[in-house]
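Following: one structure in structure tokens, then a few remarks.
The values are calculated or read from the model by the stated rules, or taken from the named source; none is laboratory data. Predicted model only: the values in this text are computed from it and were never measured. Ideal geometry is used to build each Cβ from the backbone, glycine not excepted, and the neighbour counts take in all protein chains shown.
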Amino acid sequence: MSSFVRRLGRLGAAVGFVARALRVRYARWRESRINARVAYHRAEARALRRKVDELSGGKRLCLPVESRRAIAIAARRLTLAELREVATVARPETIRRWFRELVARRYRPRRRGRPRTPEETVALVLQVARESKRYGYTRIRDVVRNLGGKVSETTIARILKEHGVPTAPDREGQETWGEFLRLHADGLFAADFFHVHGLRWFRVVRYAVFFVIEHKTRRVHVAGITAEPLGRRRKSKWVEAMGRRLVAAGGFLERATHLILDRDPLYTRVFRKTLEEAGVEVVRTAPRAPRMNSIAERCVRSIKHECLNYLIPLSEAQLRHVCDVN
């Protein structure tokens, strides 16, 4: 019995020795695999760092805050010597400084004081100030409070100053072109020319169409159509006759207060004086600024794109009929 126990004890010791040897072999194999992966990641990181240095021209690599935080947390258990072996994106001292700043930020006392004005309230204050140029601080405050915001007059003054918005007396004189058009839409009209090529007696004729459009209703009135070529003097006389017809009793500009014109020399001084004597103020656009007469320009594009580009008028009467219908 005793011999059997001794043999069993020797067998257990042998099994234990073999198990420890296998564990050691596995640990060494596992460590070698981990070292191989680490070596690969080191080589890859160095290659990527060299490529980044080439693309950046040797400038310092600027990492976002999230990346710095992740690197600092991952390096907190490594010694300075180990960091010198594996660190590629920054120096070991820099990574240690990132970790110290992260810890200091956690225990930094919070700022005390008045909270900042919400961005929605700031946007609302700026919108009211820009759309209502005659509103002062008190009126803006009342409007913002009616819309659900909470702001004081001092805060409104600070917001306007920070965003470069002048005070009410200065804003009142800064009327934009769009605001002028909206305020005078009831009596605002615009005039312009456009040209159409047609056929008459087997030859090409270039027609000039003079039209007036009402801004509020977009109603278009064809004042006159003439076949070119005409001399500058004859054409100016023709435009002046169209102007007298427009402002006459029952004319299209009978209830107009403003007429937008470009800098075409056909709108002579006599033509403008005829309109002003009838109570129509002539507003001339800046040179080479078609957007200042955008309603008339868009009307020309629409009638050409929708109709006249697919039609060859054979007479002036046909062209007038097509323009009146469209």
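Listed here are the strands (runs of 3 or more DSSP E) enclosed by the stretch 200-267 that have at least 2 residues being over 13 Å from Ala278 (Cβ atoms) and modelled with pLDDT under 85: 220-228.
Listed here are the residues, each with its yes/no results for (1) over 30 Å from Met242 (Cβ atoms); (2) at pLDDT 80 or above.
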position	(1), (2)
Arg100	yes, yes
Arg108	yes, no
Thr121	yes, yes
Ala129	yes, yes
Arg139	yes, yes
Val143	yes, yes
Arg158	yes, yes
Pro166	yes, no
Phe180	no, no
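Selection of the stretch 55-66 for residues being in a helix (DSSP H, G or I) and modelled with pLDDT of 70 or more yields Val65, Glu66. A residue that is in a helix (DSSP H, G or I) and of a type in the set (Gly, Ala, Ser) can be found somewhere in the stretch 109-123. Residue pairs whose Cβ atoms lie under 8 Å apart, sitting 6 or more positions apart in sequence or on different chains, and linking a residue in the stretch 271-285 that is under 22 Å from Lys235 (Cα atoms) to a partner that is part of a loop (DSSP other than H, G, I, E, B) and charged (D, E, K, R), are Arg284/Asp262; Arg284/Arg263; Thr285/Asp262; Thr285/Arg263.
Within the stretch 297-326, track down each residue that is part of a helix (DSSP H, G or I) and in contact with a helix residue (DSSP H, G or I) (Cβ under 9 Å, 6 or more places away or on another chain). Result: Glu297, Ile303, Leu308, Leu319, Val322, Cys323.
Every residue, every condition in (1) of a type outside the set (Val, Ile, Thr); (2) exposed (fewer than 13 other Cβ atoms within 10 Å of the Cβ); (3) touching an Asp or Glu at 6+ places or on another chain (Cβ under 8 Å), yes or no:
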residue: Met242; (1), (2), (3): yes, no, no
residue: Asp262; (1), (2), (3): yes, no, yes
residue: Val283; (1), (2), (3): no, no, no
residue: Leu308; (1), (2), (3): yes, no, no
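On the given criteria, is Thr274 more than 42 Å from the chain's Cα centre (by Cα), farther than 22 Å from Asp324 by Cβ and polar (S, T, N, Q)? Here the answer is yes, as Thr274 does meet what is asked. Taking the condition touching a helix residue (DSSP H, G or I) at 6+ places or on another chain (Cβ under 9 Å) and of a type in the set (Ser, Thr, Tyr), does Thr285 pass? Here the answer is yes, as Thr285 does meet what is asked.
Being within 18 Å of Leu319 (Cα to Cα), exposed (fewer than 14 other Cβ atoms within 10 Å of the Cβ) and assigned by TED's automatic domain parsing to the domain that holds Gly250 holds for only one residue in Val212, Val196, Val220, Val204, and it is Val204.
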